[in-house]
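The values are calculated or read from the model by the stated rules, or taken from the named source; none is laboratory data. Remember, it's a predicted structure, so these values are computed and weren't measured experimentally. Methodologically, a virtual Cβ is constructed for each residue, glycine included, from the backbone with ideal geometry; neighbour enumeration extends over all protein chains shown. Ligands, DNA and RNA are excluded from the accessible area calculation, which covers all protein heavy atoms including side chains. Shrake-Rupley method; radii C 1.70, N 1.55, O 1.52, S 1.80 Å.
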Protein chains: 2
Amino acid sequence: MGKLRFEITTSLDGFIAGPDPDLEHPLGVGGRELHNWVFGLKAFRERHGESGGETGPDDDLIRESFDASGAIIMGRRMFSGGSGPWEDDPNADAWWGDDPPFRVPVFVLTHHPRETMAMQGGTTFAFVTEGIEAALEQARAAAGDKDVGISGGAEVIQQYLRAGLVDEMLIHVSPVLIGQGVRLFENHLEPGRVELECTQVLASPAVTHLRYRIAK
Amino acid sequence: MGKLRFEITTSLDGFIAGPDPDLEHPLGVGGRELHNWVFGLKAFRERHGESGGETGPDDDLIRESFDASGAIIMGRRMFSGGSGPWEDDPNADAWWGDDPPFRVPVFVLTHHPRETMAMQGGTTFAFVTEGIEAALEQARAAAGDKDVGISGGAEVIQQYLRAGLVDEMLIHVSPVLIGQGVRLFENHLEPGRVELECTQVLASPAVTHLRYRIAK
């Protein structure tokens, strides 16, 4: 059985999205720029159907992450692209186009049953209404020996952390303070401690990658 | 002129102190343990009048930091030891004993004028009532060519960040999530961005050090 892991980009001050999300800024003001480090990488471009791109340690790292994941879990808001007029529409389209970059089975946490959608390029979206443990069970079955990745958003990650189900997290720290927005770690724990083991640190000018194993 | 810098230990989820500080837990529940990485280091022990201790990259790093600082700025709560019955006493004693570990001039931000205190071992506590810029000016004069360090607490650091006066920050990330407490970065900015340059990453099993230069 693979690990349950998440990886996510944050600002140094701990935000995964900026304030005031709207149609023009689905990740909030300054949110998209957090991800500048990834857009030019070869592995990222390949996933998005584009050729070329930079190689090197950052690229190796995300390629390895992509390859390690046999299934993905995400929240419904992430499925439909965050804020917008579709936000409360349980039948909103996928934000990710006809050829999403995931290329594995994706399990979307929702309160609204919906038929599984088979997209181009190997991505399927299945909708899970029975909660995070059911989603994990289904994702593990689909992933086989590979890892299950939690794509987000923050609330979904926090739910899995609170439940003690996460094995590993990989945090890409962008060298910027944005001051406001959506925090990765927001009241995610009852008073208590989660002991971590830092298993990898990789620094490049554009980003610092911190990988932690969660002690059980 | 040296840099204005701060260094501080945070949990991975961004807390510099835990919740519910009291006499037994001046740094809040779980707050002291954030600093476990430093207590055994030779340079730290020397500063606190103790012999022995571990050497190595962590020790080198903090020794260099100690040596680089020619003056220190801190808030009044840090001077008098955080929470406690003395919290609102403008004439509270220094929490740091007769022989404080700073060994340079310390400038304490306060609303209450008070005579400068000369302690053993080279530490003086001067009290500045005219605000953060006045404290910086006095600290720079005392530091000469050396750096001025902001010791904390978080609110003092945030004030200097908001004012755009900080040149460098060194964050020691402890491998733990504590979920609640005092955040280092809490609404410290108006909407906007502070671009950073990561100038050093040093990882050890006990802590990850991230050093950033603030772009002006």
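Among residues other than A:Glu46 whose Cβ falls under 15 Å from its Cβ, what is the net charge (Lys/Arg +1, Asp/Glu -1)?
Numbers: positive: A:Lys42, A:Arg45, A:Arg47, A:Arg63, A:Arg103; negative: A:Glu50, A:Glu54, A:Asp58, A:Asp59, A:Asp60, A:Glu64, A:Asp67, A:Asp99.
Here the charged neighbours net out to -3.
Rolled with a 1.4 Å probe across the full set of protein chains, the surface gives B:Lys3 an accessible area near 80 Å². Once the 1.4 Å probe is applied to the protein heavy atoms, chain A comes out at 45 Å² accessible per residue.
Quick one: order A:Leu34, A:Leu165 from most to least accessible surface, probe 1.4 Å. Spell out each step's value before the answer.
Working: A:Leu34 0, A:Leu165 40 Å².
From most accessible down to least: A:Leu165, A:Leu34.
For the stretch B:1-111, the fraction of 1.4 Å probe accessible surface lying on carbon and sulfur atoms is 51 percent. Working note: Karplus 6.51/-1.76/1.60 with θ = phi - 60° gives the stretch A:53-60 the couplings x, 7, 10, x, x, 4, 5, 4 Hz, where Gly and Pro are set to x.
The relative contact order of the stretch A:1-47 comes to 25 percent, based on Cα pairs under 8 Å that sit 6 or more residues apart. A:Ser80 contributes about 0 Å² of solvent-accessible surface, heavy atoms of the protein only, 1.4 Å probe. Look at the dipole of the stretch A:4-214 built from charges on Cβ: of A:Ile214, A:Val176, A:Ala135, the Cα furthest out on the positive end belongs to A:Ile214.
For the stretch B:1-128, what does the equivalent ellipsoid look like in terms of its semi-axes, each the square root of 5 times an eigenvalue of the Cα gyration tensor, given largest first in whole Å? Walk me through the intermediate numbers first.
Details: eigenvalues 110, 82, 40 Å².
With the √(5λ) rule applied to the stretch B:1-128, the semi-axes are 23, 20, 14 Å.
Pairing chain B with chain A buries about 2800 Å² of accessible area. This figure sums both sides and uses a 1.4 Å probe.
Restricting the count to DSSP beta bridges whose residues both fall in the stretch B:4-214, what percent are antiparallel, rounded to a multiple of 5? The partial results should precede the final answer.
Details: 18 of 43 bridges.
If we restrict to bridges inside the stretch B:4-214, about 40 percent are antiparallel.
A probe of 1.4 angstrom, applied to the heavy atoms of all protein chains, finds A:Asp88 with accessible area near 140 square angstrom. Closest approach of a chain B beta carbon to the axis mapping chain B onto chain A (residue, whole Å): B:Gly14, 2.
At most 11 other C-beta atoms within 10 Å and a DSSP loop state: those are the exposed GluC sites (Glu not before Pro) I care about. Give me the longest piece of chain A that has none.
Details: sites that count: A:Glu24, A:Glu50, A:Glu115, A:Glu130.
Longest run free of exposed loop sites: A:131-216.
Taking the label point 7 Å along Cα→Cβ, A:Ala134 and its counterparts in the other copies are spaced 6.4 nm apart, in ascending order.
Taking all protein chains together and a 1.4 Å probe, the residues B:His48, B:His35, A:His172 rank B:His48, B:His35, A:His172 from largest to smallest accessible area. Here the stretch A:4-214 is assigned +1 on the Cβ of each Lys and Arg and -1 on the Cβ of each Asp and Glu. Its dipole about the Cα centre then comes out at about 280 debye.
Any idea what the dipole of the protein assembly as shown comes to, in debye rounded to 20, about its Cα centre with Lys/Arg Cβ at +1 and Asp/Glu Cβ at -1? Walk me through the intermediate numbers first.
On the way: 38 positive and 66 negative charges, 98 e Å.
It works out to roughly 480 debye.
Ranking A:Val108, A:Phe185, A:Trp37 by Cα position along the charge dipole of chain A, where only Lys, Arg, Asp and Glu carry charges on their C-beta atoms, puts A:Phe185 farthest toward the positive end.
For the protein assembly as shown, the square roots of the Cα gyration tensor eigenvalues, ordered a ≥ b ≥ c, give a/c of at least 1.5 with a/b greater than b/c, which places it in the prolate category. Per residue, the average separation of C-alpha pairs within less than 8 Å and at least 6 apart gives chain B a relative contact order of 29 percent.
Rounded is the label for chain B, because a/c, from the alpha-carbon gyration tensor with a ≥ b ≥ c as root eigenvalues, stays below 1.5.
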